[in-house]
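Quick notes on the structure that follows.
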Amino acid sequence: MKIISLNVGLPRLVRDRDREEVLTGIFKSPVPGPVMLRRLNLDGDRQADLEVHGGRDKAVYAYASEHYDFWRKEFPKMELPWGMFGENFTTEGLREDSTNIGDQFRIGEALVAVTQPRMPCFKLAIRFGRDDIVKRFLASGRSGIYFAVLEQGLVDTGDKIERVHEDENRITVADINRIIVHASDNVALLRRAASLEKLAPSMRDHFAHQLQLMEG
């Protein structure tokens, strides 16, 4: 597993088709490394709305380069450069179905821990210029992976992504994606996720609320 592109971007004002100007940090572009990965983001990168983006549990976002092949088939006329999904790391070999919540990885000098999948918002639709991308993104299961930064350090294109700790609960990012889309079909898994300490608190609380509603 390795990084094949480092991508950063500062918030910018863009005009949505159905809204006024929106401030968004989803526009990321590849940059030469090395780049310092800090507790809240990469140097040169920022999030616009800190209530729903960024923070310690979503300090850095990775998206698999292998997923781009799927999306190029879905949107054959669209140019899809690295960073198109707002990811900081475009990766090779790091997949949702083989990565557990709580797994820790050494990337360059930094140490990171998996916290949750990406939940898309309307800003992904702005980036793609398509209203249907959010629904299709969720349905695809190709969510990408958010990390918390345990140890700061320099990261660079080509750096290996080395798993140094595998979480004992064995709940994958793909498992969480299945709960998000089909909670009622995965009640046992939902119950486990709602008590998973390594899962980002906001998502854990959301699952606990879902369970409460389902169980009366």
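Details
- Being assigned to a helix (DSSP H, G or I) and within 12 Å of the chain's Cα centre (by Cα) holds for only one residue in Asp69, Asp57, Asp97, and it is Asp57.
- Test for Ser195: is it surrounded by fewer than 16 Cβ atoms within 10 Å (Cβ to Cβ), of a type in the set (S, T, N, Q) and farther than 30 Å from Asp16 by Cβ: yes
- Scanning segment 107-127 for residues that are under 10 Å from the mean Cα position of the chain (by Cα) and part of a loop (DSSP other than H, G, I, E, B) yields Arg118, Met119, Pro120.
- The one condition in (1) out of contact with any Pro (no Cβ under 7 Å at 6 or more places or on another chain); (2) at pLDDT 95 or above; (3) among the hydrophobic types (A, V, I, L, M, F, W, C) that Leu6 fails to fulfil: (1)
- Contact map, segment 115-135: residues that are at pLDDT 90 or above paired with residues that are of a type in the set (Ser, Thr, Tyr) and part of a loop (DSSP other than H, G, I, E, B), Cβ distance under 7 Å, separation 6+ or inter-chain. Pairs shown: Pro117/Ser143; Arg118/Ser143.
- Scanning segment 148-197 for residues that are in contact with a helix residue (DSSP H, G or I) (Cβ under 9 Å, 6 or more places away or on another chain), in a loop (DSSP other than H, G, I, E, B) and of a type outside the set (Val, Ile, Thr), we see that the one that is nearest to Val35 (Cα to Cα) is Glu197.
- Taking the numbered list (1) in contact (Cβ under 8 Å) with a residue 12 or more places away in the chain; (2) of a type in the set (S, T, N, Q); (3) in contact with a Lys or Arg (Cβ under 8 Å, 6 or more places away or on another chain) in turn, Asn177 passes all entries but (3).
- Scanning segment 83-107 for residues that are surrounded by fewer than 22 Cβ atoms within 10 Å (Cβ to Cβ) and among the small types (Gly, Ala, Ser) yields Gly93, Ser98, Gly102.
- Taken residue by residue, segment 66-85 has no member that is at pLDDT below 90 and either closer than 16 Å to Arg118 by Cα or not β-branched (Val, Ile, Thr) (or both).
- Of all residues in segment 113-131, at least one satisfies being of a type in the set (Gly, Ala, Ser), touching a Leu at 6+ places or on another chain (Cβ under 7 Å) and more than 21 Å from Val181 (Cα to Cα).
The values are calculated or read from the model by the stated rules, or taken from the named source; none is laboratory data. Here the structure is a predicted model, which is why all the values come from computation and not from measurement. A quick note on method: Cβ atoms are made from the backbone with ideal geometry, for glycine too, and the neighbour counts reach across all protein chains shown.
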